[in-house]
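A.B. asks: Structure below; questions to follow.
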Amino acid sequence: MESPLNATSPFFLLLCLLLTLLQVPTPCISDPNPLQDFCIRPSPAGKSPNCKDASAVVSDDFFFDGLANEGNTNNSFGVGLTQASVVEFPGLNTLGMAIVRIDLAPGGLNPPHSHPRGSELVMVIEGTVLVGFVSTDNVLYQKVAKRGELVIVPKGLVHFQKNMGKGKAVAVAVFDSQFPGVVSSPFSLFRTKPAMDSQLLAKAFRVDGEVITSLLSNFGN
C-alpha cells in the first residue's frame, strides 16, 4: 500500500497545496495590493470596487484640499476631525494609507477609540497634545507631544488625544490603511441602536443602574 506521505501521492500533494494557501494573505485581512500604477475609485467615492478608466483620470484625482481648513470644535468634546480616507479621497484606493486632521480646542479631547484596521502615527502641528493608548495588558502608555514630535499607536488599541495647552492644538494622524475604521468607546457602549441593556452595563462598570441610565440619556438613548 502506498504511504500517504509519499512525495508523489495525491494526499501529500493536497497537503502541500493547503499549507501553501494558508500562507497567502487574503483580501479580508489587509488592504488590497495595487496591481497597476493606480486605481481611482469612481464616484460616488468609496462605493464602487471598480477602477476609474485610465483615460478619464486627471491630476485632480490625486489632489485633496480637505485638510487645509480648521475642523469644527464646537461640540461637547471640543474636537474636530477631518478625514482623508479612500471614501473622501478616492485617489488613495489600493495605496494603503489615510490621514486625519485633529483640531482640539483648549481642553479638547478626542475620546478613547480604536482603529481595527490600521496603526496610527500622530504628529503635532500646533500646541501641546497628550497622546495615550492602552495595551491588551491594560497598561497605559502616554506622552505629551509638542510641535513636530511623533507618537505611534499600534493597530487596534484604545487610544486618545487631549489638548494640554491654553490655546488650540492641531495634529495629523497617518494610518497604514486606506480605510482604518473607528470604534468610539463611549458611543459603542452608550449610543447603540437599540440601546444596550442598562443592567448589563451597570454590572460591567460596577455602578448603580441610575448612573448608567444617566449616561445613556447623555448619548441620546
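A.B. asks: Could you tell me which of rounded, prolate or oblate describes region 152-194, using a ≥ b ≥ c as the square roots of the eigenvalues of the alpha-carbon gyration tensor, with rounded for a/c under 1.5 and, failing that, prolate when a/b is larger than b/c and oblate otherwise?
C.D. replies: Note, shape of region 152-194 comes out oblate.
A.B. asks: Excluding ligands and nucleic acids, what accessible area in Å² is computed for residue 67 using a 1.4 Å probe, to the nearest 10?
C.D. replies: 40 Å²
A.B. asks: For region 135-149, what does the Karplus curve 6.51 cos²θ - 1.76 cosθ + 1.60, with θ = phi - 60°, yield as ³J(HN,Hα) per residue in whole Hz, taken in order and with x for Gly and Pro?
C.D. replies: So the J values, rounded to whole Hz, are 6, 5, 8, 6, 9, 8, 10, 8, 8, 7, 10, 10, 3, x, 9.
A.B. asks: Could you please put 152, 99 in sequence from largest to smallest accessible area, using a 1.4 Å probe?
C.D. replies: 152, 99
A.B. asks: Could you rank 143, 155 by how accessible they are, 1.4 Å probe, largest area first?
C.D. replies: The ordering from most to least exposed comes out as 143, 155.
A.B. asks: Moving to a separate point now. Can you run phi through the Karplus equation (6.51, -1.76, 1.60; θ = phi - 60°) for region 109-115 and list ³J(HN,Hα) in whole Hz, with x for Gly and Pro?
C.D. replies: These are the phi-based 3J(HN,Hα) values: 9, 8, x, x, 7, 9, 10 Hz.
A.B. asks: Of the peptides 164-173, 53-62, how do they stack up when ordered by the mean number of other Cβ atoms within 10 Å, highest first?
C.D. replies: Descending packing order for the listed peptides: 164-173, 53-62.
A.B. asks: Gain in length, residue 157 to residue 143, computed as 0.36 nm per residue apart minus the alpha-carbon separation, to one decimal in nm?
C.D. replies: Stretched out fully, the residue 157 to residue 143 stretch lengthens by 3.5 nm.
A.B. asks: Please list 206, 147 from largest to smallest accessible area, probe radius 1.4 Å, with all protein chains kept in place.
C.D. replies: So the residues, ranked largest to smallest area, are 206, 147.
A.B. asks: Residue 38 label point, 7 Å along Cα→Cβ, cut-off 20 Å on backbone N: hits in region 166-189?
C.D. replies: The answer is 175-179, whose backbone nitrogens lie closer than 20 Å to the label point.
A.B. asks: HN-Hα J couplings of region 89-102 from phi, Karplus 6.51/-1.76/1.60, θ = phi - 60°, integer Hz, Gly and Pro as x?
C.D. replies: 3J(HN,Hα) across region 89-102, in whole Hz: 10, x, x, 6, 3, 6, 8, x, 8, 7, 8, 10, 8, 10.
The values are calculated or read from the model by the stated rules, or taken from the named source; none is laboratory data. Model, not experiment: these values are computed from the prediction. Glycine gets a Cβ as well: all are built from the backbone with ideal geometry, and neighbour counts include every protein chain shown. To get the accessible areas, we keep the full protein, side chains included, count just its heavy atoms, and leave off ligands, DNA and RNA. Shrake-Rupley method; radii C 1.70, N 1.55, O 1.52, S 1.80 Å.
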